Amino acid sequence: MSMPDLVLLHAPSNYDFRERRIIYGPISDVIPSSPIFEMYPIGFISIAGYLEKNGVPTRIVNIANRMLSEPRFDVEKFLSGLNPKAFGVDLHWLPHAQGSLELARIVKNLHPSIPIIFGGLSATFFYEELIGYPQVDFVIRGDSAEGPILKLMRAIKGGAGVEDVPNLSWKGKDGVAHHNDLSWVPSGLDDIPLDYGYPVRSVIKYRSLSGVLPFSNWMDYPLTAVFTCRGCTMNCRTCGGSSYAFRRMCNRGAVAYRSPALIADDIYSIQRYLRGPVFIIGDIRQSGEEYADSLLRAIRRKGAKGPIVLELFAPAGANFFKRVRDAIPHYNVQISPESHDEEVRYAFGKRWRNVDIEETIKAALENDCQRFDLFYMIGLPKQGYRSVMDTVDYLGRLHKEFDHQARVHPHISPLAPFIDPGSQVFDRPEEFGYRLFCHTLEQHRQALLAPAWTRTLSYETEWLSRSEIADVTYEAALALNESKKMAGLISSGEAQEVETRIKRDRNLINQLDRHIGEYGEAPLGGEEGALCLAATISKRELEWPARSFLRSVPRILWNLCRN
Ligand code: B12
């Protein structure tokens, strides 16, 4: 089997999740991953594709997913069999603070002379602290690593200096950290393809499918994504991907877009292999109506075979959905109103009215939208207990209004486990009514070792304490669960299962709190806190209709033979 120059590793959020019992709660309820966040950054695919195209063989290994799906998977044995020129570890999402550092420590023990490169948004925010860990040799900062990592890999292979590698933090022989300028900030994304042929070829080259799978049930639900941009035009208060955060951390003054025709090609290239839903990241109207129109025209020309999911950053009218319907035969929409309470929504940075959201839903459904997901959040500025419960009542009314369709799916979950670093709330918590328990990378790493999510949570607000956030999360989840059952969105069996899980979690947390109050911190034992895919919903409910990977195998083989 060929040996790659670079091996990109994705760690579980908590490295010891197989031994250590933790009540993870609903921290990953509204995404495909389990609470150990096994999904790797989509940027791994663009980095790997870019490096391979430029003559640097690269392999992605999703250690988190292998640990999750193969209980006996021996990480150290596996890693000791690798001998690349460098390892890359993502610290993109801050919930990986413990897992990524621990995995890198293990790699360093096994291979002391192979350099370890960190990257991703959290690595970018905490670069000065991160480079101080002995297991970290390099940090590539910024929202775009393709150019810098190619230059770094060439320097590592050729034994050259790294002083002129842009965006790079590195340590000299004396251990002193140096920080090169963060100057590689592409203003367009047309030279950075998202080549989904890469994972397919990689499975054959490295004879491993499980290592490249993005999340645990991906084979049944082969969800993929394409991106329209890097950066964002929005400024949501807690978001580490807001325009404020990108400017502050990544030197990004303006959003970089990918040309509509190339995005249509990306979708087409995915659908040559797979028929799962393709999620278009970023509202296609962000760069203006003309951009959205050209993208829709390009998709129409190429022909969209499977379902496509669009996200909206603001309400939209019938005119927009008519154009979408004409271009995409099977489309779904998602939007995040955050709260039904307009004052809360405004305080969060979104200035839309409920009536506009309701009109948007109506217009989408009238124009053949197959499914409309709405995401609401707990832990927002100006949001108290009553406000959260009123949101759930409001969602009940929405169900009634649209329930004959069973196409409208609202979700509610807490902002957890951490406030995004680089966001406005992270920088100025008091101004928005927040109190943060964690500030440094090390504090976040330690917080991930707590026995329950309620103790990992990095904040509370003027309106909700940490324990109130947990309480109202479970209360709201129970009420929404009931309302979804009544609306026929989930079966009574599913609703019963969710209710049992919520009650069990709440009980465990109460017991734990009592125990800690009396005897101090203690780990959980036995079956308590066993890893569940979701705490307050049934994961299946999130899924857009998809054809399983196995049903796509003939198409994959056919396309590989043609290449
Ligand atoms: C799409 C998206 C998702 C998708 C996942 C897509 C994916 N697999 O990457 C979904 C919806 C599943 C998701 C989930 C989550 N997300 Co999210 N997500 C985004 C979003 C909107 C866009 C990301 C994107 O398009 N990236 C473009 C791709 C091409 O680039 P990339 O993956 O970032 O990788 C580039 C660089 O980051 C860097 N890089 C990344 N890894 C590495 C590793 C190395 C070694 C190197 C050198 C470089 C490098 O180089 C890459 C290529 O240039 C951002 C916000 C934003 N505007 O960016 C939030 C964002 C990244 N997500 C965030 C969060 C918090 C989460 C969750 C933890 C939320 C939760 N509790 O459920 C989960 C974690 C998921 C998991 N690991 O299982 C925060 C991260 C804040 C932080 N610093 O921790 C962000 C910033 C904003 C937000 N709140 O949504 N997310």
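Quick notes on this structure:
- If only the Cβ of Lys and Arg carry +1 and only the Cβ of Asp and Glu carry -1, the dipole of the range 1-53 around its Cα centre is close to 100 debye.
- Three semi-axes of the equivalent ellipsoid, the range 278-416, Cα gyration tensor, whole Å, largest first: 28, 16, 12
- Long-range Cα-Cα pairs in the range 99-254 (distance over 27 Å), rounded percent: 35
- Mean projected area of the Cα convex hull of the range 270-310, taken over all directions, amounts to 2.8 nm².
- Net dipole in debye of the range 51-133 [+1 Lys, Arg Cβ; -1 Asp, Glu Cβ; about Cα centre; nearest 20]: 280
- Size of the range 360-483 from its Cα atoms: along the principal axes, largest to smallest, the extents are 49, 27, 27 Å.
- Put simply, the amide H of VAL89, placed in the peptide plane, has neighbours under 5 Å in LEU9, ILE117, PHE118, GLY119, leaving out anything fewer than 5 places away on its chain.
- The largest-to-smallest principal axis extents of the Cα set in the chain are 67, 65, 44 Å.
- Descending principal axes extents, the range 1-138, alpha-carbon based, whole Å: 43, 34, 29
- Nitroxide proxy distance, nm - points 7 Å out along Cα→Cβ at GLN446 and GLN496: 4.6
- Of GLN286, LEU9, VAL472, farthest towards positive along the dipole that unit charges on Lys, Arg, Asp, Glu beta carbons give the chain: LEU9
- Across the chain, the longest piece that holds none of the GluC sites (Glu not before Pro) lying in DSSP loops with up to 14 other C-beta atoms within 10 Å covers 164-461.
- In this view, the solvent-accessible surface of HIS439, computed with a 1.4 Å probe and all protein chains in place, comes to about 100 Å².
- Nearest-20 debye value, the chain charge dipole, Cβ charges on Lys, Arg, Asp, Glu: 1920
- Here the relative contact order of the chain, from alpha carbon pairs under 8 Å that lie six or more residues apart, stands at 18 percent.
- Centroid-to-centroid separation of the range 257-280 and the range 1-51 [C-alpha atoms, Å]: 23
- Hz values of 3J(HN,Hα) by residue in the range 295-304 - Karplus curve (6.51, -1.76, 1.60), Gly and Pro given as x: 5, 4, 5, 5, 5, 4, 4, 6, x, 8
- Exceeding the 18 Å Cα-Cα cut-off - candidates LYS53/LYS305; LYS77/LYS157; LYS205/LYS305; LYS53/LYS205: LYS53/LYS305; LYS77/LYS157; LYS205/LYS305
- For ARG275, the solvent-accessible surface with a 1.4 Å probe is about 50 Å², rounded to the nearest 10.
- In this structure the range 142-292 gives 38 Å² per residue of accessible area when probed at 1.4 Å with all protein chains present.
- Gyration tensor verdict on the range 425-518 (Cα atoms; rounded if a/c is under 1.5, prolate if a/b is larger than b/c, oblate otherwise): prolate
- Value of D in µm² per second that Stokes-Einstein yields for the range 400-468, Kirkwood Rh from Cα pairs, at 20 °C (1.002 mPa s): 154
The values are calculated or read from the model by the stated rules, or taken from the named source; none is laboratory data. Please read these numbers as outputs of a predicted model, since none were measured by experiment. Please note: Cβ atoms are built from the backbone with ideal geometry, for glycine as well, and neighbour counts cover all protein chains shown. For the accessible areas, the whole protein counts, side chains as well, though only heavy atoms, and no ligand, DNA or RNA atoms are used. Shrake-Rupley method; radii C 1.70, N 1.55, O 1.52, S 1.80 Å.
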